[in-house]
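Enquirer: My questions all concern the structure below.
The values are calculated or read from the model by the stated rules, or taken from the named source; none is laboratory data. What you see is a predicted model, and the numbers here were worked out from it, not measured in a lab. All Cβ positions, glycine included, derive from the backbone under ideal geometry; neighbour counts span all protein chains shown. The protein model used for the area step is the full one, side chains on, heavy atoms only, and it has no ligands, DNA or RNA in it. Shrake-Rupley method; radii C 1.70, N 1.55, O 1.52, S 1.80 Å.
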Amino acid sequence: MKKTGNWKLYLKAWILIPAALGLYFYFLWGHYSPLIGVLASILFGLILVCIAFNIMHDACHNSYSEKKWINGIMGLTMNALGSNAFMWKIKHNIIHHTFTNIDGIDDDIANGPLLRQCISQKWMPMHRFQFLYMFLLYAVSTLSWMLRTDFRIYFRRKIHTTPITRMDGKEHVIFWGSKVLYAFFYVFVPIYALGWQPWLIGFVIIHGTMGVVLSVVFQLAHMVEMTTFEVAGENRRVIDSEWAIHEVRTTANFAPGNKIISWLVGGLNFQIEHHLFPHISHIHYSALSKIVKKQCELFGLPYNYYPSARQALYSHVRLMKKLGNRSATIGVPYQSGQASPLPWE
């Protein structure tokens, strides 16, 4: 079997991209009630998130197609969502996938000072309430990434503490060109067709939906009670354990038996398999998970998973509440996960 996608993945693209385009033109049509406009904005945000999970994510990992140019084109759906594929590949593929949950390197847990995501980070009194206000921060995360983070990386040429690869001329053109096109299609055209007030309401709802869903899905993979965290030492590029063991301990699956969730989030509920095999398409993760679980048991390693998304979400909230306590001493020590058979076996 080839490692990349097959008709199951390509069918998602044929469903999601036309659905997004159709809804976009429906917005410009403008003949609907305010309530329908709000509901359509939420739906549009969900569709865009599904494009990110299912198409962009696989393409940027070069697992969408065996052809490099197809992965490149489909990866640009990230730019169509307002961000930049070049920077995301460095931030996610290189930094996050190599130094997962390592404070001082992994940019995904560097959201201070507003959020304290491991005990090695500085505590502030407001963190006592972070388990409540974190969802508001999640809601503005895509707007922040698009309007602030991308430009900060571009001009500083650094992601958190890691310098980025020098951008060639083509990447500079893609960066600025996609930003201009995004502003044209997502800002100027809707304002011209609908007026600035309906546009602003819809734009905020769309990004709020995207931000919450994207953040929660990725937080459930690493920011839960079962996973472990480490701190960058003097030699910042060396971790104490073997890379694969580190990935297993710092990652968790959720709702592995829920086929609807697996379809919608592009297999990102199988984060252990994704972190071990990032160049394999997510359509294979369910089958791989049975093998990975047995190997973890064979070598005495944890296989962290939550049977449902609700249980994983509760664990994330509990963890963030504990980290809001100044005297928190959680490591968080890794556990051996569930000893019972997997729910989809």
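Enquirer: Looking at 5, 45, which one is touching a residue at least 12 places away in the same chain (Cβ under 8 Å), in a helix (DSSP H, G or I) and surrounded by 20 or more Cβ atoms within 10 Å (Cβ to Cβ)?
Expert: Among 5, 45, only 45 is touching a residue at least 12 places away in the same chain (Cβ under 8 Å), in a helix (DSSP H, G or I) and surrounded by 20 or more Cβ atoms within 10 Å (Cβ to Cβ).
Enquirer: Pairs only if they're at least six apart or on different chains, beta carbon under 6 angstrom, first in the stretch 50-61 and under 20 Å from residue 21 (Cβ atoms) and without any contact (Cβ under 8 Å) to a residue 40 or more places away in the chain, second open to solvent by 10 Å² or more (accessible area, probe 1.4 Å) and of a type outside the set (A, V, I, L, M, F, W, C); list them, first residue then second.
Expert: These pairs meet every condition: 51/77; 56/77.
Enquirer: Quick check on the stretch 26-35: of everything there that is open to solvent by 70 Å² or more (accessible area, probe 1.4 Å) and more than 23 Å from residue 143 (Cβ to Cβ), which residue is modelled with the highest pLDDT?
Expert: 35
Enquirer: Now for a different question. Sort out which residues of the stretch 161-188 are open to solvent by 70 Å² or more (accessible area, probe 1.4 Å) and outside any helix (DSSP H, G or I), and write them in order of number.
Expert: Within the stretch 161-188, 163, 165, 166, 168 meet the criteria.
Enquirer: Restricting to the stretch 227-242, name every residue that is in contact with a helix residue (DSSP H, G or I) (Cβ under 7 Å, 6 or more places away or on another chain) and open to solvent by 20 Å² or more (accessible area, probe 1.4 Å).
Expert: Matches in the stretch 227-242: 239 only.
Enquirer: Quick check on my filter: what residues within the stretch 297-345 are among the hydroxyl-bearing types (Ser, Thr, Tyr) and either under 22 Å from residue 246 (Cα atoms) or at pLDDT below 95 (or both)?
Expert: Scanning the stretch 297-345 gives 303, 305, 306, 315, 327, 329, 334, 336, 340.
Enquirer: Hey, another quick one. Which ranges mark the helices (runs of 4 or more DSSP H) fully within the stretch 251-310 that have 3 or more residues being open to solvent by 40 Å² or more (accessible area, probe 1.4 Å) and under 25 Å from residue 230 (Cα atoms)?
Expert: Counting at least 3 such residues, we get 285-298.
Enquirer: Something else: Hey, can you tell me all the residues within the stretch 1-56 that are within 24 Å of the chain's Cα centre (by Cα), of a type in the set (Gly, Ala, Ser) and within 18 Å of residue 197 (Cβ to Cβ)?
Expert: 40, 41 - these are the residues of the stretch 1-56 that are within 24 Å of the chain's Cα centre (by Cα), of a type in the set (Gly, Ala, Ser) and within 18 Å of residue 197 (Cβ to Cβ).
Enquirer: Only one residue in 213, 224 is more than 21 Å from residue 9 (Cα to Cα), buried (at least 19 other Cβ atoms within 10 Å of the Cβ) and among the aliphatic types (A, V, I, L, M). Which one?
Expert: Exactly one residue qualifies, and that residue is 224.
Enquirer: Okay, moving on. Scan the stretch 189-201 for residues that are part of a helix (DSSP H, G or I) and closer than 19 Å to residue 31 by Cβ and jot them down.
Expert: 189, 190, 191, 192, 193, 194, 196, 197, 198, 199, 201 - these are the residues of the stretch 189-201 that are part of a helix (DSSP H, G or I) and closer than 19 Å to residue 31 by Cβ.
Enquirer: If a residue counts only when it is among the charged types (D, E, K, R), which helices (runs of 4 or more DSSP H) contained entirely in the stretch 50-159 have at least 1 such residues?
Expert: In the stretch 50-159, the matching helices (runs of 4 or more DSSP H) lie at 57-60, 68-75, 150-156.
Enquirer: Another one. Looking at this structure, is residue 209 among the hydroxyl-bearing types (Ser, Thr, Tyr), closer than 27 Å to residue 99 by Cα and in contact (Cβ under 8 Å) with a residue 12 or more places away in the chain?
Expert: For residue 209, the condition - among the hydroxyl-bearing types (Ser, Thr, Tyr), closer than 27 Å to residue 99 by Cα and in contact (Cβ under 8 Å) with a residue 12 or more places away in the chain - is not met.
Enquirer: Residues 147, 114: which one is within 30 Å of residue 325 (Cα to Cα), open to solvent by 10 Å² or more (accessible area, probe 1.4 Å) and either modelled with pLDDT under 95 or out of contact with any strand residue (DSSP E or B) (no Cβ under 8 Å at 6 or more places or on another chain) (or both)?
Expert: The conditions single out 114.
Enquirer: Separate question: Determine, yes or no, whether residue 17 is assigned to a helix (DSSP H, G or I), open to solvent by 50 Å² or more (accessible area, probe 1.4 Å) and either among the hydroxyl-bearing types (Ser, Thr, Tyr) or out of contact with any Asp or Glu (no Cβ under 7 Å at 6 or more places or on another chain) (or both).
Expert: Taking the combined requirement at face value, the residue satisfies it.
Enquirer: Cβ-Cβ distance below 7 Å, separation of 6 or more or different chains: which pairs start in the stretch 111-130 with a residue that is among the β-branched types (Val, Ile, Thr) and end on one that is surrounded by 18 or more Cβ atoms within 10 Å (Cβ to Cβ)?
Expert: Hits for this filter: 119/323.
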